[in-house]
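Structure first, commentary second.
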Amino acid sequence: MRLRISLALFTVLAAIGVLAIGVGSAGATVVNRAPDPQTTNIPYLAWAGEEVKVVKCIGGPNDAVDVSALGSASNINALLAGKFRVEDWSGVDEVHSGPVFLNDQDGSVVGTYEQGRLCFSVHVTSQKPGLAVIKLAVSPNLLTLVPGLDPILKHQFLVIWMQDQAPVISEAAGANLGDPTGNGIFNPIPSPNGNYFGYGLIHVLVKGTFPLGLDFSGLGHPTVTLPDDWAWLAQHFAVDDSLTGSNFPGAAASRWDIHDDDAATEGHVASSFCTDLPAAAEAVDNCLGTPPGGDPDLGPFSNIYGGVYNAMGPFDPIRGFQTLLSDGKLDAGDAPMPALRVDVTIGAGSTVGTLDKADKSLIYSRDGLGSGKAHNLYAPFYKALIPAALPDDRPDTSGVAGAISNNFTGFLGFTGDPVYTTEQVAGIYDYWDTFTTSFSRGNNACKDVLGRPIPLPTGKTGVAVYTDEHGEAYVKFIPDSGIVLTPDSNGRCDIYGPAPVGHATISAVSVYPDQPVLWDQSSKTSNVLAKTVNFASSKVLNCIPKSTNEAYCVETVKDLWGNPVRGAQVEFSAQSFQGSEPVIGPDARVIPPYDTTGQGANTSTDRNFVDITTNGKGMAGIFVRSTTGSCIDVVSENVGTRNGGDGIFRSVDFNPTTGAACGTTTAPPGAPGGGSTGTSGGTSGSSGATAPVTVAAPVAVSSPVPTAASAPAATAKTMTLASARVVKIGTNRVLLVRVNGAAKTAKLHITMIGKVHGKVTRTSVTRTVATNKQVRVPNLKLAPSVRSVKVGLV
């Protein structure tokens, strides 16, 4: 494009001393580099309701015109005036009005001169989607002394407003992610420094549509979808001012190649400023590496014309030296998609998960670290102006514009302050920063084995994020930021067995980024992603033979990540169904696969209990001795989980004489019994059981030490106490027993042991029960303070 001023006009201007200008003079600056994007008609893209600042500048570094002689801005304002007009419109919903200008009723503007360029701009908006053809004509103004002079400069713009579509979200896959296959299932990742959960990535993709109606209906493409149809659009609309015969629609389609794609393909063409990795296609990456003290996010990045420095999106024809990332091919990746706000939310009823920022430079880097080493960063931009056009009179930027909003939200994080000194003030957006829309915090009404409240998911449960130039965004999913639990009637949440499984649903909705579009009230909600988090916590009690009539019982505790828990207080007790009381005590030793060395010292003053803390392997152990040949019930309770009642416990029934689990004839591999699971109102089962039984609380059962008063009568010798167990029925705890023998009834001596304000209490009663079947002991109330029950035959 060339600026021509008539000789007569030049004479008049010189006579009144307003202007001296040289056109194509020896002093003109011509830079041989990438073509100026202003010499073609690459469209401005916007969402419905947004305002667009369209700008035409002359005299830039790629222009043969030197306008430095124009002098001051006041001279320019007196000299030249611009007039913008909407020439054509494809939006079928606005046949009569079409787009409107915001900062001038009839599109009349004056020029602005800065940094060697003369620029004309106007702000235009449309509530409806469509393509507008807008013409700029620049004419002499001459202080309005000579009105009606012919235009001396013309420029045609294409501006497209789109209707946003519902986002499509998907689970990203990657070896470094918590769900590497992208199936939404998270398991702990083993690590020498401790197991952990990796984060997941939610991929967001948005598209926009606009109609080609009215005068454009003959193209046979009634609805254009971007970015998909970008190449088609270029092939039917692209023109250029070159002398290569491109003065018909679509002839200059290759000039709309303004971006790279998002593939990790490597290699560079001969015209790139990197030639160390020759290839037929241009990769567009930071092949030179980041200069010392530079920001890796800003490049420099290569292109087919050499490259760009200080790459700050979005694409802007006024800032081609910063934003032109041509890779040599025209495709959907070239569409300069405007930033769209997308709100991502964890759904109601989810029990796990929070959201956080995913950094684009990490995702689109070959080392996954976002470092500035050569050839590492690809698919820029990593930072962008949102909104794209600065809200002042400088001709620095063009595109989607913003101002301080009044009765609607406007652009998030944008202050409207024209003094751009920091990223926070300037509205420089680091992809993909998040803005919090909802937040979760707090604790469940239950405790873990260390006595700490178990946290609810803590963090962002809803975020807003802006898409990039490809209509893409990512959001992190943090799977292990907490969990929603329901305590039982004793205030316990047994997260230790079976380990809890968390579930979450994720959805997203697109939001017009600046102001609401009142006519478009259709649902813009995405598909739904499901997340599953498999925690690995456990609390296991195992007993193995140690010597004759003696066993080694070990509890192993692991946290939600599967790491051993150090310092968890475990209270052990042991009872037999008949005969003498078993002897128990702490046992710190190594009997593979168990190692309880380093466990805490016994702090209990009651011989019926052993209170010790787990070691660095999450283990605590005791010995159990009994010479009666009867079954022993060993119970381990985690003191830290007590919450106004008894804590979470496990129990194992076994015979220390034979080493066999009760109910079997041989000991199972590894440990006799493996441990029944005492839960917070859940189910438990001991080894060999065919059906689970609901356990009430850590109430252990054994026979009392015989005394003269309670020694079994002769008839008791023919009776056998086969089993005794406390279970929960409804909200009550009851004692179930089975006595085998010839008599129809048997008399039991029952001692209930508890702790009240730290002091041990004992209460004894006698009850009669039917024999040869499991029965509930009648008229027996087990108070909440009862910790163990001893049962013997009378």
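Assorted remarks:
- Selection count where residues are closer than 23 Å to TRP161 by Cα and surrounded by fewer than 17 Cβ atoms within 10 Å (Cβ to Cβ), scope segment 243-253: 2
- Of all residues in segment 583-603, those satisfying the criterion of being polar (S, T, N, Q) and either under 13 Å from LYS546 (Cβ atoms) or open to solvent by 40 Å² or more (accessible area, probe 1.4 Å) (or both) are THR596, THR597, ASN602, THR603.
- For ASP240, the stated conditions hold: it is farther than 30 Å from SER526 by Cα, open to solvent by less than 40 Å² (accessible area, probe 1.4 Å) and not small (Gly, Ala, Ser).
- Residue count for segment 146-196, restricted to those that are assigned to a strand (DSSP E or B), within 30 Å of ARG566 (Cα to Cα) and open to solvent by less than 20 Å² (accessible area, probe 1.4 Å): 1
- Entry remark, segment 769-789: residues being within 30 Å of ASN638 (Cβ to Cβ) and either among the small types (Gly, Ala, Ser) or modelled with pLDDT of 85 or more (or both) number 8 in total.
- Boolean, GLY792 is under 20 Å from SER630 (Cβ atoms) and of a type in the set (Gly, Ala, Ser): yes
- Pick from segment 48-105, criterion of a type in the set (Val, Ile, Thr) and either open to solvent by less than 40 Å² (accessible area, probe 1.4 Å) or within 22 Å of ASP150 (Cα to Cα) (or both), ranking: modelled with the lowest pLDDT: VAL65
- Boolean, PHE321 is in a loop (DSSP other than H, G, I, E, B), closer than 26 Å to SER121 by Cα, open to solvent by 20 Å² or more (accessible area, probe 1.4 Å) and of a type outside the set (A, V, I, L, M): no
- Reported count of residues in segment 155-169, each being of a type in the set (Asp, Glu) and farther than 16 Å from PRO129 by Cα, is 0.
- Residues of segment 294-318 classified as open to solvent by less than 20 Å² (accessible area, probe 1.4 Å) and within 21 Å of CYS274 (Cα to Cα), total: 9
- Residues in segment 534-565 that are part of a strand (DSSP E or B) and open to solvent by 40 Å² or more (accessible area, probe 1.4 Å): ASN534, VAL540, PRO545, LYS546, SER547, LYS558, PRO564.
- When the residues of segment 604-638 are filtered to those that are open to solvent by 10 Å² or more (accessible area, probe 1.4 Å), outside any strand (DSSP E or B) and at pLDDT 95 or above, the one that is nearest to ALA660 (Cα to Cα) is LYS617.
- Within segment 324-365, considering residues that are open to solvent by 40 Å² or more (accessible area, probe 1.4 Å) and among the β-branched types (Val, Ile, Thr), the one nearest to LYS531 (Cα to Cα): THR345
- Unique residue being over 24 Å from TYR44 (Cβ atoms) and modelled with pLDDT under 95 when the list is GLY307, GLY328, GLY299, GLY320: GLY307
- Residue count, segment 110-120 (criterion: closer than 15 Å to LYS83 by Cα and either open to solvent by 20 Å² or more (accessible area, probe 1.4 Å) or at pLDDT below 75 (or both)): 2
Here is a yes/no grid of residues against (1) buried (at least 22 other Cβ atoms within 10 Å of the Cβ); (2) of a type in the set (S, T, N, Q); (3) not in a loop (DSSP other than H, G, I, E, B):
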| residue | (1), (2), (3) |
| --- | --- |
| HIS470 | no, no, no |
| PHE477 | yes, no, yes |
| CYS493 | yes, no, no |
| PRO498 | no, no, no |
| SER510 | yes, yes, yes |
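- When the criteria are applied in full, THR751 fails the requirement of being among the polar types (S, T, N, Q) and surrounded by fewer than 17 Cβ atoms within 10 Å (Cβ to Cβ).
- In the set (1) outside any helix (DSSP H, G or I); (2) surrounded by fewer than 18 Cβ atoms within 10 Å (Cβ to Cβ), the condition left unmet by ILE202 is number (2).
- Index of the failed condition, PHE654 passing every other in (1) of a type in the set (Phe, Trp, Tyr); (2) open to solvent by 10 Å² or more (accessible area, probe 1.4 Å); (3) at pLDDT below 95: (2)
The values are calculated or read from the model by the stated rules, or taken from the named source; none is laboratory data. Predicted model only: the values in this text are computed from it and were never measured. Virtual Cβ from ideal backbone geometry, glycine too; neighbours counted across all protein chains shown. With ligands, DNA and RNA removed, areas are computed over all heavy atoms of the protein, side chains included. Shrake-Rupley method; radii C 1.70, N 1.55, O 1.52, S 1.80 Å.
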